[in-house]
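For reference, the structure discussed in these notes is given below.
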């Protein structure tokens, strides 16, 4: 679940190609039809294409080698650029659609070349369906038994939730635009075109809020998931020479890198050499069950009073369901 590797790369590239193509087609359709919903959708596609470009930039930046200034590497670049995508591009797309929709509701005008508008929307739906399917296929191996909402909430690979929600929003937005144009044509009341644009703006705003919350959490630093914490704790406790864990802390430095720190009580009869081997054994045992647990810091300590141990144990337990 936490290990991303190249997961999501194909989905991001497919979405970039699809949204760039759709944006060109939609702008052409707007020039022909003057539809407010079509313009909102065109800007939406441009925003989505920009999103994917920033996600690819984040993946590239994250591969930079650690240096003296960033000694744990640049893995969080992916979280940062995903946050930028959520905060700026989605919000700007939402604000533009809402403004343009409001203006069209106040000053409605007929959509020209109705057939062209529907044809472009139909083509866009097909392209978005392909992009959405690619994102789903890329996500399934990491999703496991989680529901899709749980996957979006818990995934440590930021690109996949972003692309999934982008593509879902694009599909729903296209349906909004299609319905708005058809109702306007049937009723002769082109206020519906503006209403369609407003609906697209609200949709983008909701997606923006969801992604901002999720990407902010990843950027601040999330620990291992509860199931992974159990695996790590069990591996340490079952390692040779370990008597108990005083506390355990984890934090994702990136989708494929988990920082692990633990204070552990070892057999007090061990000499320095045996203690060093025991620490190495703990690290090896943890990486068997969680291979991306690196770097890792295991601190040998002495058994203290029960009250202190209970306080440390309470702080080391995962507090959320993410």
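Taking residue 163, is it more than 22 Å from residue 17 (Cα to Cα) and in a helix (DSSP H, G or I)? Don't jump to the end; show me each part of the working.
Values: more than 22 Å from residue 17 (Cα to Cα): no; in a helix (DSSP H, G or I): yes.
No; evaluated as a whole, the condition is false for this residue.
Residue by residue, here is whether (1) under 16 Å from residue 46 (Cβ atoms); (2) free of Cβ contacts under 8 Å to residues at least 40 places away in the same chain; (3) part of a helix (DSSP H, G or I); (4) assigned by TED's automatic domain parsing to the domain that holds residue 173 holds:
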position	(1), (2), (3), (4)
90	yes, no, yes, yes
94	yes, no, yes, yes
101	no, no, yes, yes
108	no, no, no, yes
111	no, no, no, yes
123	no, no, yes, yes
126	no, yes, yes, yes
134	no, no, yes, yes
142	no, no, yes, yes
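For residue 7, the criteria (1) surrounded by 15 or more Cβ atoms within 10 Å (Cβ to Cβ); (2) in a helix (DSSP H, G or I); (3) modelled with pLDDT under 90 hold in every case but one, which is (2). For segment 30-42, the criterion of being surrounded by fewer than 16 Cβ atoms within 10 Å (Cβ to Cβ), part of a helix (DSSP H, G or I) and free of Cβ contacts under 8 Å to residues at least 40 places away in the same chain is met by at least one residue.
Take residue 218 and decide whether it is within 22 Å of residue 164 (Cα to Cα), surrounded by 22 or more Cβ atoms within 10 Å (Cβ to Cβ) and in contact with a helix residue (DSSP H, G or I) (Cβ under 8 Å, 6 or more places away or on another chain). So residue 218 fits the description; yes. Do we find a residue being touching a residue at least 12 places away in the same chain (Cβ under 8 Å), touching a strand residue (DSSP E or B) at 6+ places or on another chain (Cβ under 6 Å), part of a strand (DSSP E or B) and not assigned by TED's automatic domain parsing to the domain that holds residue 123 anywhere in segment 271-284? No: segment 271-284 contains no residue that is touching a residue at least 12 places away in the same chain (Cβ under 8 Å), touching a strand residue (DSSP E or B) at 6+ places or on another chain (Cβ under 6 Å), part of a strand (DSSP E or B) and not assigned by TED's automatic domain parsing to the domain that holds residue 123.
The values are calculated or read from the model by the stated rules, or taken from the named source; none is laboratory data. Just so you know, these numbers come straight off a predicted model, no measurement behind them. Here the Cβ is made from the backbone with ideal geometry for all residues, glycine too, and neighbour counts use every protein chain on show.
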